[in-house]
1. Taking only the range A:109-153 into account, find how many residues are among the aromatic types (Phe, Trp, Tyr) and away from chain B (no Cβ under 14 Å).
2. How many of the residues making up the range B:100-120 are assigned to a helix (DSSP H, G or I), under 19 Å from A:Leu115 (Cβ atoms) and within 7 Å of another protein chain (Cβ to nearest Cβ)?
3. Out of the strands (runs of 3 or more DSSP E) lying entirely within the range A:10-116, which hold 1 or more residues that are more than 14 Å from A:Trp163 (Cβ to Cβ)?
4. Can you name every residue in the range B:80-92 that is more than 8 Å from chain A (Cβ to nearest Cβ) and either closer than 21 Å to B:Val117 by Cα or under 10 Å from the mean Cα position of the chain (by Cα) (or both)?
5. Taking the conditions exactly as written (more than 16 Å from the chain's Cα centre (by Cα) and within 14 Å of chain B (Cβ to nearest Cβ)), does A:Val156 satisfy them or not?
6. Quick one: is A:Tyr108 of a type in the set (Ser, Thr, Tyr) and more than 24 Å from A:Tyr159 (Cβ to Cβ)?
7. Sort through A:Val42, A:Val25 and tell me the only one that's under 17 Å from A:Ser122 (Cβ atoms) and surrounded by 12 or more Cβ atoms within 10 Å (Cβ to Cβ).
8. When B:Arg96 is evaluated against the numbered criteria (1) surrounded by fewer than 18 Cβ atoms within 10 Å (Cβ to Cβ); (2) more than 10 Å from chain A (Cβ to nearest Cβ), which criterion, by number, is the only one it fails?
Amino acid sequence: MDNTRTNEDIARDAAAIRDKVAEFVRHSAFLRLKNQADCPDVDVRTLADDFVPGRILANNMAFILISGDSVRITFKVHFNLATAKNLAFRVFGGESAEDIPVRQAFDYVKEYCNLVAGNVVSLFENVGVDLGISLPLCTRGFYEVFSDYAESDYPVVTYSKFWRLQANENVIFCSARFELLNRKSLTNLIGFEIPEETIGDSEIEFLWDSA
Amino acid sequence: MANILIVDDSETVRTQLKHDLIAVGHTVFEAGNGLEGLILLQGNKHDIRLIFCDVNMPEMDGLSMCREVHKDPALRKIPIFMLTTQNNTTMKAEGRAAGVIAWVVKPYEKKIILDGVAKVLARTAT
(Lines give C-alpha, C1' and ligand atoms only; values in the text may rest on other atoms or scores of the structure.)
Protein backbone atom coordinates (compact mmCIF):
# COMPACT_ATOMS: atom_id res chain seq x y z
CA MET A 1 0.00 0.00 0.00
CA ASP A 2 1.32 3.44 -0.92
CA ASN A 3 1.53 5.41 2.35
CA THR A 4 2.78 8.55 0.66
CA ARG A 5 -0.60 9.29 -0.90
CA THR A 6 -2.42 12.18 0.69
CA ASN A 7 -6.16 12.57 1.00
CA GLU A 8 -5.95 15.11 -1.82
CA ASP A 9 -4.32 12.48 -4.07
CA ILE A 10 -7.05 9.97 -3.29
CA ALA A 11 -9.79 12.53 -3.89
CA ARG A 12 -8.18 13.61 -7.15
CA ASP A 13 -7.98 10.00 -8.41
CA ALA A 14 -11.58 9.34 -7.39
CA ALA A 15 -12.72 12.42 -9.32
CA ALA A 16 -10.64 11.36 -12.35
CA ILE A 17 -12.30 7.92 -12.37
CA ARG A 18 -15.78 9.45 -12.09
CA ASP A 19 -15.05 11.83 -14.95
CA LYS A 20 -13.53 9.15 -17.19
CA VAL A 21 -16.46 6.76 -16.74
CA ALA A 22 -18.84 9.57 -17.65
CA GLU A 23 -16.64 10.56 -20.60
CA PHE A 24 -16.78 6.98 -21.95
CA VAL A 25 -20.57 7.11 -22.11
CA ARG A 26 -20.84 10.65 -23.41
CA HIS A 27 -18.21 9.99 -26.07
CA SER A 28 -19.93 6.76 -27.16
CA ALA A 29 -23.33 8.47 -27.38
CA PHE A 30 -21.81 11.23 -29.52
CA LEU A 31 -19.87 8.87 -31.78
CA ARG A 32 -22.72 6.46 -32.42
CA LEU A 33 -25.21 9.22 -33.19
CA LYS A 34 -22.68 10.66 -35.63
CA ASN A 35 -22.44 7.24 -37.37
CA GLN A 36 -26.08 6.26 -37.18
CA ALA A 37 -27.50 9.61 -38.23
CA ASP A 38 -24.67 10.02 -40.76
CA CYS A 39 -24.17 13.53 -39.43
CA PRO A 40 -20.57 14.78 -39.16
CA ASP A 41 -21.50 17.72 -36.92
CA VAL A 42 -23.31 16.37 -33.90
CA ASP A 43 -23.68 19.09 -31.29
CA VAL A 44 -23.22 18.04 -27.66
CA ARG A 45 -24.34 20.23 -24.78
CA THR A 46 -24.51 19.67 -21.06
CA LEU A 47 -27.92 20.59 -19.70
CA ALA A 48 -28.20 23.97 -18.00
CA ASP A 49 -27.24 24.33 -14.34
CA ASP A 50 -30.86 24.82 -13.33
CA PHE A 51 -31.84 21.43 -14.79
CA VAL A 52 -33.47 19.25 -12.13
CA PRO A 53 -32.63 15.50 -12.44
CA GLY A 54 -35.80 13.49 -12.87
CA ARG A 55 -37.52 16.13 -14.97
CA ILE A 56 -39.30 14.60 -17.97
CA LEU A 57 -37.19 15.37 -21.01
CA ALA A 58 -39.29 13.85 -23.80
CA ASN A 59 -42.35 11.72 -24.49
CA ASN A 60 -40.40 8.49 -24.84
CA MET A 61 -37.38 6.89 -23.29
CA ALA A 62 -35.14 3.98 -24.34
CA PHE A 63 -32.62 2.56 -21.92
CA ILE A 64 -29.99 -0.11 -21.49
CA LEU A 65 -27.98 -1.45 -18.57
CA ILE A 66 -24.21 -1.91 -18.81
CA SER A 67 -22.90 -3.80 -15.83
CA GLY A 68 -20.11 -5.82 -14.30
CA ASP A 69 -18.39 -6.39 -10.96
CA SER A 70 -16.91 -2.90 -10.78
CA VAL A 71 -19.39 -0.60 -12.42
CA ARG A 72 -23.06 -0.37 -13.32
CA ILE A 73 -24.35 2.19 -15.82
CA THR A 74 -27.93 2.89 -16.86
CA PHE A 75 -27.88 4.78 -20.14
CA LYS A 76 -31.12 6.45 -21.24
CA VAL A 77 -32.16 8.22 -24.40
CA HIS A 78 -35.09 10.61 -24.04
CA PHE A 79 -36.74 11.34 -27.36
CA ASN A 80 -39.89 12.49 -29.09
CA LEU A 81 -41.56 10.28 -31.65
CA ALA A 82 -41.08 12.73 -34.53
CA THR A 83 -37.32 12.78 -33.90
CA ALA A 84 -37.11 9.00 -33.82
CA LYS A 85 -39.10 8.80 -37.05
CA ASN A 86 -36.77 11.31 -38.72
CA LEU A 87 -33.71 9.34 -37.66
CA ALA A 88 -35.21 5.96 -38.57
CA PHE A 89 -36.29 7.22 -42.00
CA ARG A 90 -32.65 6.99 -43.11
CA VAL A 91 -32.77 3.22 -42.58
CA PHE A 92 -36.34 2.26 -43.35
CA GLY A 93 -37.10 4.74 -46.12
CA GLY A 94 -40.61 5.11 -47.53
CA GLU A 95 -42.70 8.08 -48.60
CA SER A 96 -41.86 10.31 -45.67
CA ALA A 97 -40.53 10.18 -42.10
CA GLU A 98 -44.08 10.62 -40.79
CA ASP A 99 -45.04 7.29 -42.36
CA ILE A 100 -42.45 5.34 -40.35
CA PRO A 101 -44.37 3.04 -37.98
CA VAL A 102 -43.88 3.67 -34.26
CA ARG A 103 -42.47 0.12 -33.92
CA GLN A 104 -39.62 0.92 -36.32
CA ALA A 105 -38.93 4.32 -34.80
CA PHE A 106 -38.63 2.78 -31.32
CA ASP A 107 -36.50 -0.07 -32.65
CA TYR A 108 -34.09 2.45 -34.15
CA VAL A 109 -33.56 4.20 -30.82
CA LYS A 110 -33.19 0.88 -28.99
CA GLU A 111 -30.52 -0.15 -31.47
CA TYR A 112 -28.81 3.21 -30.88
CA CYS A 113 -28.72 2.37 -27.14
CA ASN A 114 -27.26 -1.02 -28.00
CA LEU A 115 -24.53 0.54 -30.16
CA VAL A 116 -23.66 3.08 -27.46
CA ALA A 117 -23.47 0.31 -24.85
CA GLY A 118 -21.28 -1.82 -27.13
CA ASN A 119 -18.85 1.06 -27.55
CA VAL A 120 -18.77 1.70 -23.79
CA VAL A 121 -17.98 -1.97 -23.17
CA SER A 122 -15.15 -1.84 -25.75
CA LEU A 123 -13.66 1.23 -24.06
CA PHE A 124 -13.73 -0.50 -20.68
CA GLU A 125 -12.02 -3.57 -22.21
CA ASN A 126 -9.05 -1.31 -22.99
CA VAL A 127 -8.55 -0.82 -19.25
CA GLY A 128 -9.15 -4.45 -18.30
CA VAL A 129 -12.74 -4.12 -17.08
CA ASP A 130 -15.27 -6.69 -18.35
CA LEU A 131 -18.87 -5.59 -18.66
CA GLY A 132 -22.08 -7.07 -20.05
CA ILE A 133 -25.05 -5.45 -21.77
CA SER A 134 -28.77 -5.96 -21.23
CA LEU A 135 -31.38 -5.90 -23.97
CA PRO A 136 -32.50 -2.32 -24.66
CA LEU A 137 -36.05 -1.36 -23.66
CA CYS A 138 -38.37 1.45 -24.65
CA THR A 139 -41.03 3.03 -22.48
CA ARG A 140 -42.87 6.28 -21.79
CA GLY A 141 -40.75 9.28 -20.97
CA PHE A 142 -43.10 9.97 -18.07
CA TYR A 143 -41.53 7.11 -16.09
CA GLU A 144 -38.47 9.29 -15.63
CA VAL A 145 -40.25 10.76 -12.58
CA PHE A 146 -39.63 7.47 -10.76
CA SER A 147 -35.87 7.54 -11.35
CA ASP A 148 -33.60 7.85 -8.35
CA TYR A 149 -30.82 10.37 -8.92
CA ALA A 150 -29.56 10.58 -5.32
CA GLU A 151 -25.77 10.88 -5.21
CA SER A 152 -23.51 9.06 -2.79
CA ASP A 153 -19.79 8.57 -2.16
CA TYR A 154 -19.83 5.52 0.07
CA PRO A 155 -19.93 2.52 -0.09
CA VAL A 156 -21.02 2.72 -3.72
CA VAL A 157 -20.23 5.91 -5.62
CA THR A 158 -23.39 7.00 -7.43
CA TYR A 159 -23.82 10.00 -9.68
CA SER A 160 -25.56 11.03 -12.90
CA LYS A 161 -24.91 13.07 -16.02
CA PHE A 162 -27.33 14.67 -18.47
CA TRP A 163 -26.65 16.04 -21.90
CA ARG A 164 -28.31 16.97 -25.16
CA LEU A 165 -27.27 15.79 -28.63
CA GLN A 166 -28.32 17.39 -31.87
CA ALA A 167 -27.80 15.84 -35.31
CA ASN A 168 -29.11 18.16 -38.00
CA GLU A 169 -32.59 19.19 -36.79
CA ASN A 170 -32.93 16.12 -34.54
CA VAL A 171 -32.52 16.62 -30.81
CA ILE A 172 -32.31 13.83 -28.26
CA PHE A 173 -31.47 13.97 -24.56
CA CYS A 174 -29.21 11.46 -22.89
CA SER A 175 -28.82 10.63 -19.25
CA ALA A 176 -26.61 8.15 -17.48
CA ARG A 177 -26.72 6.90 -13.93
CA PHE A 178 -23.34 5.60 -12.73
CA GLU A 179 -22.69 3.25 -9.83
CA LEU A 180 -19.01 2.59 -9.13
CA LEU A 181 -19.01 -0.65 -7.15
CA ASN A 182 -15.27 -1.25 -6.93
CA ARG A 183 -13.15 1.83 -7.45
CA LYS A 184 -9.86 -0.06 -7.09
CA SER A 185 -10.50 -2.10 -10.22
CA LEU A 186 -11.08 1.13 -12.15
CA THR A 187 -7.71 2.77 -11.43
CA ASN A 188 -6.47 2.03 -14.97
CA LEU A 189 -8.98 4.62 -16.14
CA ILE A 190 -6.81 7.40 -14.72
CA GLY A 191 -4.92 8.99 -17.57
CA PHE A 192 -6.49 6.71 -20.20
CA GLU A 193 -7.05 8.53 -23.48
CA ILE A 194 -9.99 7.43 -25.61
CA PRO A 195 -8.63 6.18 -28.94
CA GLU A 196 -9.91 8.03 -31.97
CA GLU A 197 -12.23 5.92 -34.09
CA THR A 198 -11.63 6.36 -37.78
CA ILE A 199 -13.64 5.15 -40.75
CA GLY A 200 -12.29 1.76 -41.74
CA ASP A 201 -11.77 0.50 -38.19
CA SER A 202 -14.56 -2.02 -38.58
CA GLU A 203 -13.40 -5.43 -39.77
CA ILE A 204 -14.27 -9.09 -39.82
CA GLU A 205 -12.33 -11.32 -37.52
CA PHE A 206 -12.30 -14.85 -38.87
CA LEU A 207 -12.40 -17.35 -36.03
CA TRP A 208 -11.96 -20.27 -38.34
CA ASP A 209 -8.20 -19.99 -38.93
CA SER A 210 -8.36 -21.41 -42.41
CA ALA A 211 -11.23 -19.16 -43.59
CA MET B 1 -25.72 -15.66 -55.06
CA ALA B 2 -27.09 -17.34 -51.97
CA ASN B 3 -29.94 -17.59 -49.51
CA ILE B 4 -28.86 -15.83 -46.32
CA LEU B 5 -30.58 -15.84 -42.93
CA ILE B 6 -30.35 -12.79 -40.64
CA VAL B 7 -31.16 -13.48 -36.99
CA ASP B 8 -31.37 -10.24 -35.02
CA ASP B 9 -34.00 -8.81 -32.69
CA SER B 10 -33.43 -5.36 -34.12
CA GLU B 11 -35.53 -4.62 -37.17
CA THR B 12 -33.17 -1.71 -37.85
CA VAL B 13 -30.16 -4.02 -38.20
CA ARG B 14 -32.10 -6.59 -40.21
CA THR B 15 -33.36 -3.93 -42.61
CA GLN B 16 -29.94 -2.34 -43.12
CA LEU B 17 -28.19 -5.65 -43.69
CA LYS B 18 -31.01 -7.04 -45.85
CA HIS B 19 -30.80 -3.98 -48.05
CA ASP B 20 -27.03 -4.40 -48.48
CA LEU B 21 -27.24 -8.13 -49.24
CA ILE B 22 -30.20 -7.88 -51.64
CA ALA B 23 -28.38 -5.11 -53.54
CA VAL B 24 -25.70 -7.61 -54.57
CA GLY B 25 -28.20 -10.32 -55.49
CA HIS B 26 -28.60 -12.44 -52.36
CA THR B 27 -31.97 -13.63 -51.09
CA VAL B 28 -32.59 -12.82 -47.45
CA PHE B 29 -34.66 -14.58 -44.78
CA GLU B 30 -35.23 -12.95 -41.38
CA ALA B 31 -35.73 -14.12 -37.81
CA GLY B 32 -36.20 -11.98 -34.69
CA ASN B 33 -34.47 -14.31 -32.22
CA GLY B 34 -32.60 -17.61 -31.97
CA LEU B 35 -35.73 -19.69 -31.62
CA GLU B 36 -37.35 -18.21 -34.73
CA GLY B 37 -34.03 -18.76 -36.50
CA LEU B 38 -33.98 -22.44 -35.58
CA ILE B 39 -37.57 -22.92 -36.72
CA LEU B 40 -36.72 -21.33 -40.06
CA LEU B 41 -33.64 -23.52 -40.38
CA GLN B 42 -35.43 -26.81 -39.66
CA GLY B 43 -34.45 -29.29 -42.35
CA ASN B 44 -32.83 -26.38 -44.19
CA LYS B 45 -35.78 -26.32 -46.60
CA HIS B 46 -34.86 -22.76 -47.63
CA ASP B 47 -31.36 -23.89 -48.63
CA ILE B 48 -29.70 -21.30 -46.36
CA ARG B 49 -26.00 -20.92 -47.25
CA LEU B 50 -24.94 -18.39 -44.61
CA ILE B 51 -26.27 -17.08 -41.30
CA PHE B 52 -25.82 -13.66 -39.68
CA CYS B 53 -26.59 -13.80 -36.00
CA ASP B 54 -26.71 -11.30 -33.13
CA VAL B 55 -25.63 -12.33 -29.60
CA ASN B 56 -28.08 -10.55 -27.27
CA MET B 57 -31.64 -11.50 -28.17
CA PRO B 58 -34.82 -12.36 -26.25
CA GLU B 59 -36.23 -15.93 -26.18
CA MET B 60 -32.98 -17.54 -27.36
CA ASP B 61 -29.63 -15.76 -27.60
CA GLY B 62 -27.34 -16.07 -30.60
CA LEU B 63 -24.72 -18.33 -29.06
CA SER B 64 -27.36 -20.82 -27.90
CA MET B 65 -28.80 -20.87 -31.40
CA CYS B 66 -25.34 -21.47 -32.89
CA ARG B 67 -24.79 -24.41 -30.51
CA GLU B 68 -28.07 -25.96 -31.69
CA VAL B 69 -27.14 -25.40 -35.33
CA HIS B 70 -23.71 -26.92 -34.72
CA LYS B 71 -25.31 -30.03 -33.17
CA ASP B 72 -27.51 -30.66 -36.21
CA PRO B 73 -25.66 -32.62 -38.95
CA ALA B 74 -27.96 -31.09 -41.60
CA LEU B 75 -27.06 -27.53 -40.56
CA ARG B 76 -23.58 -27.60 -39.07
CA LYS B 77 -21.84 -26.81 -42.35
CA ILE B 78 -23.67 -23.49 -42.75
CA PRO B 79 -21.15 -20.73 -42.01
CA ILE B 80 -22.20 -18.35 -39.24
CA PHE B 81 -21.21 -14.70 -38.96
CA MET B 82 -21.75 -13.17 -35.54
CA LEU B 83 -22.86 -9.55 -35.90
CA THR B 84 -22.83 -7.91 -32.50
CA THR B 85 -21.84 -4.84 -30.50
CA GLN B 86 -19.77 -7.06 -28.20
CA ASN B 87 -16.13 -7.85 -28.82
CA ASN B 88 -15.31 -9.97 -25.83
CA THR B 89 -12.59 -12.65 -26.05
CA THR B 90 -14.48 -15.19 -23.92
CA MET B 91 -17.58 -14.75 -26.01
CA LYS B 92 -15.59 -15.22 -29.22
CA ALA B 93 -14.11 -18.45 -27.86
CA GLU B 94 -17.65 -19.65 -27.07
CA GLY B 95 -18.67 -18.65 -30.58
CA ARG B 96 -15.82 -20.54 -32.18
CA ALA B 97 -16.76 -23.67 -30.19
CA ALA B 98 -20.35 -23.24 -31.39
CA GLY B 99 -19.31 -23.12 -35.05
CA VAL B 100 -19.12 -19.36 -35.60
CA ILE B 101 -16.57 -18.62 -38.32
CA ALA B 102 -16.53 -14.82 -38.34
CA TRP B 103 -17.05 -12.07 -35.78
CA VAL B 104 -18.20 -8.63 -36.90
CA VAL B 105 -18.58 -5.74 -34.46
CA LYS B 106 -21.43 -3.29 -35.12
CA PRO B 107 -21.63 -0.77 -36.62
CA TYR B 108 -20.37 -2.63 -39.65
CA GLU B 109 -19.07 -1.31 -42.94
CA LYS B 110 -20.97 -2.52 -45.97
CA LYS B 111 -17.92 -3.27 -48.12
CA ILE B 112 -16.21 -5.29 -45.40
CA ILE B 113 -19.32 -7.39 -44.79
CA LEU B 114 -19.96 -8.01 -48.48
CA ASP B 115 -16.31 -8.96 -49.10
CA GLY B 116 -16.42 -11.34 -46.15
CA VAL B 117 -19.64 -12.94 -47.38
CA ALA B 118 -18.22 -13.37 -50.90
CA LYS B 119 -15.04 -14.90 -49.50
CA VAL B 120 -16.83 -17.43 -47.32
CA LEU B 121 -19.44 -18.34 -49.94
CA ALA B 122 -16.72 -18.91 -52.52
CA ARG B 123 -14.92 -21.14 -50.07
CA THR B 124 -17.93 -23.19 -49.09
CA ALA B 125 -19.00 -23.61 -52.73
CA THR B 126 -15.81 -25.49 -53.53
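1. First, the residues of the range A:109-153 that are among the aromatic types (Phe, Trp, Tyr): A:112, A:124, A:142-143, A:146, A:149.
Now drop any that are not away from chain B (no Cβ under 14 Å), which leaves A:142-143, A:146, A:149.
So the count comes out to 4.
2. 1
3. A:60-67, A:71-79
4. B:Ile80, B:Met82, B:Leu83
5. On the way: more than 16 Å from the chain's Cα centre (by Cα): yes; within 14 Å of chain B (Cβ to nearest Cβ): no.
No; evaluated as a whole, the condition is false for this residue.
6. On the way: of a type in the set (Ser, Thr, Tyr): yes; more than 24 Å from A:Tyr159 (Cβ to Cβ): yes.
Considered against the rule, which asks whether it is of a type in the set (Ser, Thr, Tyr) and more than 24 Å from A:Tyr159 (Cβ to Cβ), A:Tyr108 comes out as yes.
7. On the way: A:Val42 fails: under 17 Å from A:Ser122 (Cβ atoms).
Within the list A:Val42, A:Val25, the selection yields A:Val25.
8. Here B:Arg96 meets the rest and fails (2).
The values are calculated or read from the model by the stated rules, or taken from the named source; none is laboratory data. Keep in mind the model is a prediction, meaning the values are calculated, not measured. Heads up, the Cβs are rebuilt from the backbone with ideal geometry, glycines too, and the neighbour counts pull from every protein chain shown.
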